[in-house]
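The values are calculated or read from the model by the stated rules, or taken from the named source; none is laboratory data. In this text the structure is predicted, and so the values were computed from the model without any measurement. Glycine gets a Cβ as well: all are built from the backbone with ideal geometry, and neighbour counts include every protein chain shown. The accessibility values were calculated without ligands, DNA or RNA, using every heavy atom of the protein model including side chains. Shrake-Rupley method; radii C 1.70, N 1.55, O 1.52, S 1.80 Å.
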Amino acid sequence: TPDINITVSGTNPICQGQDSELFFPVISGTPPFNVNYLAGGSPLTTNIDGSGNQTSGNPMIVSPTSTTTYTLTSVTDAKGCVNSLTNSATLTVNEIPDVIVSGDTEICNLDETPLFFTFTAGSAPWTVSYNVASSPGTVTLYNTDDTLLVDPNITTTYQFTNISDNNCSSTLSEDVTITVNPLPQSVITGGGSVCDDGSTIEVQIVTTGGTPNYNISYNAG
C-alpha cells in the first residue's frame, strides 16, 4: 500500500511574494506516485518520484499569498494501489508592511506639526526609514494610527524610503512636504516732541518678513 507524507521543506514562514518548497517523503509503495491534495481547500494533483520530489526531479515550488495548509487526500502508485491520506503541513505567509503618510502642508516658523502614519498592513511595531535633506533617519511606531511631531525651520520634504516589522520589509515611496512660512517682524520708529496744539508727529511701523497684508496690534500709552 503506498504511503507518503508532506512537509514544508523550504523557508517557513515567508513574506508575501516569496517562494517556499513542499516535500513528499515516501514511506512505502512503488514510484512514481500520483498524489491528490488540497491547497487551502482547493483540490490539486501532482506526480511524485521515489525521492519525494516532483517527477521532474525538482522540489515543488509554492508561493501562496496567505497562510495555507496543504492536506494530502489520496495517493496512487505505479502498481495501481491506492491509499487515502490525511497528513498536512502549513506554510505561514506574513503580510508585507505598508503605511500611508500625511501631514499639514503649511506651518509658521517655530511651530510644531504632526506627521500622520496609517499602517495598512503588517504588525506592530513598525520601523520607518526616511531622508530629510539627504540625512537618513528612522522612527519606530507602535499604533495602527500614529503621529510624529516635527518642527522644521525651512520648507522641508520628508522622503519615506522603507518600512519593516518583525517579519517582513518593503520599500516605500511616500513624500510629505511642509512649507515653512517666515514670521513677520515689525520695528516702530519716529516720535519726538510735539506741542499740545493739534500738531502731529509721524510714527512709522516698518514690517519685514512674512506675507502681506499685515494685521499689526500696538499700544498707545
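At a glance:
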{"quantity": "Estimated distance in nm for a label pair at Thr177 and Ser135, the labels positioned 7 Å out from Cα along Cα-to-Cβ", "calculated": "2.1"}
{"quantity": "Tail beyond 23 Å, pair distance distribution of region 112-208 (Cα, percent)", "calculated": "48"}
{"quantity": "Cα convex hull of region 1-93, projected area averaged across orientations, nm²", "calculated": "5.1"}
{"quantity": "Dimensionless Rg ratio for the chain, taking C-alpha atoms and the 2.2 N^0.38 Å reference", "calculated": "2.01"}
{"quantity": "Per-selection Kirkwood Rh - region 41-114 (Cα, Å, 1 d.p.)", "calculated": "17.3"}
{"quantity": "Per-pair calculated FRET efficiency, R0 = 30 Å: Asp111 and Thr207 via Cβ, rounded to 0.05", "calculated": "0.95"}
{"quantity": "Label-reachable residues, region 63-107, where backbone N falls under 13 Å from a point 7 Å from Leu38's Cα toward its Cβ", "calculated": "69-74, 85-89"}
{"quantity": "Cβ-derived FRET efficiency at R0 41 Å, Thr161 paired with Thr92, nearest 0.05", "calculated": "0.90"}
{"quantity": "Asp98, Asp145, reordered so the largest accessible area comes first (probe 1.4 Å)", "calculated": "Asp145, Asp98"}
{"quantity": "Label-to-label distance, nm, for residues given as Thr55 and Asp145 (7 Å Cα→Cβ offset)", "calculated": "5.7"}
